[in-house]
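Visitor: Sharing a structure here in structure tokens format.
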Amino acid sequence: MKPLYDVLISGGGPAGMTAAIYAVRAGLSTVLLTGPARGGQVAYTDVVDNYPGFPMIYGSDLAQRLSEHAKSVGAELLEESAEAMELSGPVKTVKTEEREYQARTVILAQGSERRKLGIPGEKEFTGRGVSYCATCDGNFFRNKTVAVIGGGNTALGDAIGLSALCGKVFLVHRRDQLRAMDHLIRQAKTCGNLEFVHPYLPQEIQGGQKVEHLVLKERNSGEQKILDVEGVFVAVGVEPNTKLLQGLLPLKDGFVEAPETCETALPGVFVAGDLRKKALYQIVTAVSDGANAAHSALLYLQRQPNRT
Ligand code: NAP
């Protein structure tokens, strides 16, 4: 007979891992579907320097610590991804490629994935010079010239990290004003091989076997500029992984709306981390959601009359 879990958590980033730690410690039987890579977006982050208690930690190390912490308290971590869900009713069903799981509550913490530019050449050259993860792929571009596209915290962090490895880094942004935090902008300005290119819109990525050029258009004059680069790192934001939830839950701009308790419109279903519409998308707000979602799941279960 299939086990009926108290809590099934979908997503193994900081929100999901925290939810697992809190759920297990509250005495709830808990399964966490992490997907193929544990740690979520943080695993792809170079350096994290704003998570309290860790003045400087590599994203991959933090992801590893979160996973080890969840395992050490007894959470069942499975490298499977939810592919379909039935979330109404007192028993929820979540299907992965391998199996079908049943749980009394579900915490949705699938996070987000990197947004694509949607320009010619991007798809064609992905893995051949186009990358969405400077932490994972930066080493392939040692001493080479690369461009980072975007003006947010990720783009600035990626550009700073790459400037230590690459011969030259162009930071291409579509506006004159960067969106990133001041301290990252200040740090980027101290990198001697980092050149700011703005306001330019990316138009096309060109090359032969691998990336050779990034074609840009000046935002105001329309003048074309071509950068000779071997790598293009795309850091133009993230999109919530809510494809599975279409038609199951009301979404706003692709996100699930929920109060601090992380309760959704469906009883027994909670949302945590980057999937939840909020003002500040940070690791610290994701772990906060994870704790709140697990606590709300506990309170929900305690209210159920027939819980054995
Ligand atoms: P983000 O803050 O949404 O920034 C995306 C950047 O890409 C913006 O500068 C945007 O330009 C630009 N952009 C969007 N679409 C574009 C397009 N089609 N072509 C060219 N440029 C485009 O995304 P993020 O940097 O990935 O960060 C995601 C979230 O994680 C944010 O909330 C961020 O604060 C957080 N984060 C925090 C840290 C940290 O605290 N250290 C590190 C990384 C990420 P505009 O500015 O013109 O909109």
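The values are calculated or read from the model by the stated rules, or taken from the named source; none is laboratory data. Please read all numbers here as calculations on a predicted model, not as lab measurements. Every residue, glycine among them, receives a Cβ derived from its backbone with ideal geometry; neighbour counts consider all protein chains shown. Accessible surface is based on the protein model in full, side chains and every heavy atom, while ligands, DNA and RNA are left aside. Shrake-Rupley method; radii C 1.70, N 1.55, O 1.52, S 1.80 Å.
Visitor: What cysteines in the chain have no other cysteine with a beta carbon less than 4.7 Å from their beta carbon?
Guide: Isolated Cys, the chain: Cys166, Cys191, Cys262.
Visitor: Using a Cα-Cα cut-off of under 14 Å, which aspartates and glutamates could be cross-linked to Lys123, ignoring same-chain neighbours fewer than 8 residues away?
Guide: Glu204
Visitor: Okay, moving on. At 1.4 Å probe size, with the rest of the protein present, what percent of the exposed accessible area of the range 1-89 is carbon and sulfur atoms? Don't jump to the answer; show the numbers that get you there.
Guide: Numbers: 2080 of 4060 Å².
For the range 1-89, the apolar C and S fraction of the accessible surface comes to 51 percent.
Visitor: Quick one: of Lys92/Lys252; Lys144/Lys243; Lys168/Lys243; Lys189/Lys217, which pairs are farther than 32 Å apart, Cα to Cα? Display every interim value, and only then the final one.
Guide: On the way: Lys92/Lys252 23 Å; Lys144/Lys243 37 Å; Lys168/Lys243 38 Å; Lys189/Lys217 23 Å.
The answer is Lys144/Lys243; Lys168/Lys243.
Visitor: Once amide H atoms are placed 1.01 Å from N in the peptide plane, what residues at a sequence separation of 5 or more from Ile9, or on another chain, have their amide H within under 5 Å of its amide H?
Guide: Answer set, sorted by chain and number: Val31, Leu32, Leu33, Ile107.
Visitor: Return the inverse of the average 1/r over all pairs of distinct C-alpha atoms in the range 84-172, which is the Kirkwood hydrodynamic radius, in Å to one decimal. Can you show the working numbers first?
Guide: On the way: mean 1/r = 0.0620 Å⁻¹.
Over the range 84-172, the inverse of the mean reciprocal pair distance is 16.1 Å.
Visitor: Just the accessible area per residue of the chain, please: how many Å² with a 1.4 Å probe?
Guide: On the way: 14830 Å² over 308 residues.
About 48 Å² of surface per residue is accessible.
Visitor: If one takes the longest principal axis of the Cα atoms in the chain, at what angle in degrees, from 0 to 90 and to the nearest 10, does the Cα axis of helix 59-73 lie?
Guide: 10 degrees
Visitor: Rank-order 90-103, 163-176 by packing density, defined as the average count of other C-beta atoms within 10 Å over each peptide's residues, highest first. Write down the numbers at each step before the final one.
Guide: Numbers: 90-103: 15.7, 163-176: 19.6.
Peptide ranking by packing, descending: 163-176, 90-103.
Visitor: I've got another one for you. Of the listed peptides 152-162, 238-248, what is their order by residue-averaged count of other C-beta atoms within 10 Å, with the highest listed first? Intermediate results must be reported in sequence, preceding the final value.
Guide: On the way: 152-162: 24.4, 238-248: 16.5.
For the peptides 152-162, 238-248, the packing ranking is 152-162, 238-248.
Visitor: Quick query: amide H of Glu212 versus all other amide H atoms, modeled in the peptide plane; which residues come in under 5 Å with a sequence gap of 5 or more or a different chain?
Guide: HN-HN under 5 Å from Glu212: Gln206, Gly207.
Visitor: Moving on. Could you tell me which of rounded, prolate or oblate describes the range 145-298, using a ≥ b ≥ c as the square roots of the eigenvalues of the alpha-carbon gyration tensor, with rounded for a/c under 1.5 and, failing that, prolate when a/b is larger than b/c and oblate otherwise? The partial results should precede the final answer.
Guide: On the way: a/c = 2.75, a/b = 2.09, b/c = 1.31.
Cα axes put the range 145-298 in the prolate bin.
Visitor: To continue, here is another question. Show that you can apply the helix-only estimate: for the chain, add -39,500 (n - 2.57) for every DSSP H stretch of four or more residues, divide by all residues, and state [θ] at 222 nm to the nearest 500. Each step should come with its number before you reach the end.
Guide: Details: 6 runs with 71 residues, N = 308.
Calculated at 222 nm, the ellipticity per residue is -7000 deg cm²/dmol.
Visitor: If you don't mind, another one. What order, most packed first, do the peptides 73-86, 20-33 have when packing is the mean number of other Cβ atoms within 10 Å of each residue? Please list the in-between numbers first.
Guide: Values: 73-86: 16.6, 20-33: 22.7.
Going from most to least packed, we get 20-33, 73-86.
Visitor: Where Rh denotes the Kirkwood radius from the mean inverse Cα pair distance, what is Rg over Rh for the chain? Numbers along the way, then the final one.
Guide: Numbers: Rg = 21.1 Å, Rh = 20.5 Å.
With Rg and the Kirkwood Rh in hand, the quotient comes to 1.03.
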